[in-house]
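The values are calculated or read from the model by the stated rules, or taken from the named source; none is laboratory data. Note that the structure is predicted; figures quoted are calculated from it, not measured. Cβ atoms come from the backbone with ideal geometry, glycine included; neighbour counts cover every protein chain shown. Protein only, heavy atoms only, side chains kept; ligands, DNA and RNA dropped before computing areas. Shrake-Rupley method; radii C 1.70, N 1.55, O 1.52, S 1.80 Å.
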Amino acid sequence: MYIKSINNVVGYKDLPDGFNADFSQDKTYIIGANFQRKSTVGSLFNWCLTGTSLYGNEKEQVANDKIKVSNVSVDITFIDNYGIEHRLIRDKGKQMNLTLDDKEIKQEMLAEFYKDKDIFLVAHNPYYFASLEPKEQKELVRRIIPGISKEESFNLLTDEEQQIIGTPIEHLGSYTDKRNEEINELQKEYDENLGKLQAYKNMALEQVDDILIFDKEEELKKLQERYEDISMNLGNSNLEDIQHAIKRINERLDDILKDKLAEITKNYNSENEKLKNVDKEVPICSTCRQEIKDSEVKEHLKQFYQKELNKLQEKANKLKEDAKQLVDARKEKQDILEKLNTLDLQKIQKEKEELKTNIDILQKEKNDILIHNKEVEIRQEQIKKAKENIRLLESVKQEITDELNKVKVQKEIANKLKRLVIEEQRQKINKFLDKVDIQFCRENKTNDKITECCDIFYEGREFKKLSKSQQARTCLEISNLFNNLSGIKAPIFLDDAESITDIEEMINTQMIISLVIKYNPLEILYDYSDVLDRRKKSVEREIRENSSFVIQQAA
């Protein structure tokens, strides 16, 4: 695409109405002293095509602010990338009107020429890129980097690496993130497995006591047999037990005779006294408090008291029967006690007690040995299982190690592939760059992580550290890069180009170069020799004026 001509300008900034200019397909120079409207001329094509300023401002004041104008119109002729000539008129009054090849159109239809407005602005105006924030620069560069398909990137790997990866990677960033997650999980699993393995190893190395043998079984058996014989002869009784039994019987007898029978006797006498006095007492009605003279009532009272006496008598008889049984039981126990108190029986009882003590000692010893042997068997079984678990965990450990190594290798290959893809992209863009270098990634040696970036260098120096001239050269190369990679092929307007010398030719790209030449009016030139001629005349005039000024000062 290139500008062929500006046909007519009306009301645009401070350009005179009717301004027109022709442009060379290769290089066109807009020269003049300061404030001669060079930049204004250079902005005409961009405003007419996109409706924005050279820096993307959609609300830029374009109407001539020196005189009141109601309408701004710019008429240009340009050739598109297919070699077709178009005439575009942008007319801004109360409304915006666009005419392309004598047909009214909408702004959206013009996008077919500039595709992406921001990318077009970088391609058309080199200084637009420098005006952006680093984040915006990075985003724009990312948008025009040639894409590489997953199949193309996969083919950058060796056959062995392809086998390890398996299939082409859709997204390298998420792939490496996923590998990092797997590495963390596997490492955690490995550490847990290692902890269990060490615990089982410690268990397997523990010393276990020997199984003990109870070798006094025969002795215990003889003691138990002797104890049973004596117990049978004594009728399963002993002196102390019988003495305790007699004591309990006496306590129960005391309870019956001294407490319960005494209380029943007292109650019996009381009820019997009431029965005797029934005829003597005058019964009173509980309601009206009048004397009751009915003999039948007295008879009922006698029956009631007699019943109470009968109940008390029954209780007394029952207690007497219980007391008689206790007395008989006490006599039986006392008879046995008298027998046990004989010298022979006391001796047998003492032997029985000694047998019981020895039996208890041997039985405890036997039980302790049984418990000990049970604990030893449990520990032996635990050690056996620990050794089995060690073999299992060693196998699991090897599996985790193999998988961990595999995932780490996959991550390394993915990182390598990132570098290969970036290098492949750099090769594609480097043919449009000369002294400019764009780095798309940084590698952190500490964690082996590759971080995407967009760092721009000119002859090895960072963009922000460059001089104005170097930044201009950098932006010019970037404009050329954007122009070619995007396919827009926009004309490049290089404003204030006097700080740049030896501007290289941009193949198949129209260059519009604005230069400040002192004393020179606004002028459109097509041959650099004419530019040099105007510059020469400007320098000669400046020398004359400076010489005259020096002479006046000397005078």
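Any idea which residue in segment 50-104 is nearest to Ile6 (Cα to Cα), counting only those that are in contact (Cβ under 8 Å) with a residue 24 or more places away in the chain, hydrophobic (A, V, I, L, M, F, W, C) and touching a His at 6+ places or on another chain (Cβ under 8 Å)?
So the residue we want is Phe78.
Looking at segment 390-402, I want the residues that are within 23 Å of Ile164 (Cβ to Cβ) and have a partner that is of a type in the set (Phe, Trp, Tyr) with Cβ atoms under 8 Å, at least 6 apart or on another chain. Which pairs are those?
From segment 390-402, the pairs are Lys397/Tyr190; Ile400/Tyr190; Thr401/Tyr190.
Test Arg419 against the criterion of being within 30 Å of Gln439 (Cβ to Cβ), more than 27 Å from the chain's Cα centre (by Cα) and not polar (S, T, N, Q), and give yes or no.
yes
Looking at the structure I just gave you, is Asn125 farther than 30 Å from Asp496 by Cβ and at pLDDT 90 or above?
Considered against the rule, which asks whether it is farther than 30 Å from Asp496 by Cβ and at pLDDT 90 or above, Asn125 comes out as no.
Restricting to segment 511-548, what's the tally of residues that are open to solvent by less than 70 Å² (accessible area, probe 1.4 Å), among the hydroxyl-bearing types (Ser, Thr, Tyr) and either touching a Cys at 6+ places or on another chain (Cβ under 8 Å) or outside any helix (DSSP H, G or I) (or both)?
Going through segment 511-548 one residue at a time, the tally reaches 2.
Having 3 or more residues that are open to solvent by less than 20 Å² (accessible area, probe 1.4 Å) is the bar; report the helices (runs of 4 or more DSSP H) wholly within segment 70-171 that clear it.
Details: elements: 107-114, 117-124, 126-131, 134-144, 150-154, 159-165.
Of the helices (runs of 4 or more DSSP H) lying wholly inside segment 70-171, those with at least 3 residues that are open to solvent by less than 20 Å² (accessible area, probe 1.4 Å) span 107-114, 117-124, 126-131, 134-144.
Return only the number of the condition from (1) at pLDDT 90 or above; (2) open to solvent by less than 60 Å² (accessible area, probe 1.4 Å) that Tyr305 does not satisfy.
Checking Tyr305 against (1) at pLDDT 90 or above; (2) open to solvent by less than 60 Å² (accessible area, probe 1.4 Å), the one that fails is (1).
Given the conditions (1) more than 53 Å from the chain's Cα centre (by Cα); (2) open to solvent by less than 20 Å² (accessible area, probe 1.4 Å), report the number of the one that Asn64 does not fulfil.
The failed condition is (2).
Could you please find all residues in segment 311-323 being surrounded by 12 or more Cβ atoms within 10 Å (Cβ to Cβ) and free of Cβ contacts under 8 Å to residues at least 24 places away in the same chain?
Across segment 311-323, the qualifying residues are Lys311, Lys318.
Collect the residues in segment 417-433 that are over 19 Å from Gln137 (Cα atoms) and either outside any helix (DSSP H, G or I) or without any contact (Cβ under 8 Å) to a residue 40 or more places away in the chain (or both), keeping them in residue-number order.
Arg419, Glu423, Gln427, Lys431
Residues in segment 215-228: is at least one open to solvent by less than 50 Å² (accessible area, probe 1.4 Å), at pLDDT below 80, closer than 20 Å to Gln349 by Cα and more than 60 Å from the chain's Cα centre (by Cα)?
No, that holds for no residue.
Can you find a residue that is aromatic (Phe, Trp, Tyr), more than 30 Å from Asp360 (Cα to Cα) and in contact (Cβ under 8 Å) with a residue 12 or more places away in the chain anywhere in segment 202-221?
Of segment 202-221, the ones aromatic (Phe, Trp, Tyr) are 214.
Now narrow it down to the ones that are more than 30 Å from Asp360 (Cα to Cα): none.
Within segment 202-221, not a single residue is aromatic (Phe, Trp, Tyr), more than 30 Å from Asp360 (Cα to Cα) and in contact (Cβ under 8 Å) with a residue 12 or more places away in the chain.
When segment 27-69 is examined, which residues are found to be in a helix (DSSP H, G or I) and of a type outside the set (Phe, Trp, Tyr)?
Lys38, Ser39, Thr40, Val41, Gly42, Ser43, Leu44, Asn46, Cys48, Leu49, Thr50
Tell me which residues, restricted to segment 479-510, are buried (at least 20 other Cβ atoms within 10 Å of the Cβ), in a helix (DSSP H, G or I), over 40 Å from the mean Cα position of the chain (by Cα) and not hydroxyl-bearing (Ser, Thr, Tyr).
Once the filter is applied, which keeps residues that are buried (at least 20 other Cβ atoms within 10 Å of the Cβ), in a helix (DSSP H, G or I), over 40 Å from the mean Cα position of the chain (by Cα) and not hydroxyl-bearing (Ser, Thr, Tyr), segment 479-510 yields Asn480, Leu481, Asn483, Ala497.
Ile359 - would you say it is of a type in the set (A, V, I, L, M, F, W, C), surrounded by 14 or more Cβ atoms within 10 Å (Cβ to Cβ), touching a Phe, Trp or Tyr at 6+ places or on another chain (Cβ under 7 Å) and free of Cβ contacts under 8 Å to residues at least 24 places away in the same chain?
No; evaluated as a whole, the condition is false for this residue.
Give Thr176, Thr158 a once-over and let me know the one that is farther than 30 Å from Val396 by Cβ and hydroxyl-bearing (Ser, Thr, Tyr).
Thr158
This table checks each residue for (1) under 29 Å from Glu151 (Cα atoms); (2) at pLDDT 85 or above; (3) out of contact with any helix residue (DSSP H, G or I) (no Cβ under 8 Å at 6 or more places or on another chain); (4) buried (at least 20 other Cβ atoms within 10 Å of the Cβ).
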site: Arg426; (1), (2), (3), (4): yes, no, yes, no
site: Ile438; (1), (2), (3), (4): yes, yes, no, yes
site: Arg442; (1), (2), (3), (4): yes, no, yes, no
site: Tyr458; (1), (2), (3), (4): no, yes, no, yes
site: Phe463; (1), (2), (3), (4): no, yes, no, yes
site: Cys475; (1), (2), (3), (4): no, yes, no, yes
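List the pairs whose first member sits in segment 149-162 and is closer than 16 Å to Arg419 by Cβ, whose second member is part of a helix (DSSP H, G or I) and β-branched (Val, Ile, Thr), and whose Cβ atoms are under 8 Å apart, counting only residues at least 6 apart or on separate chains?
Filtered contacts from segment 149-162: Ser153/Val421; Phe154/Ile165; Leu156/Val421; Leu157/Ile165; Leu157/Ile413; Glu161/Ile413.
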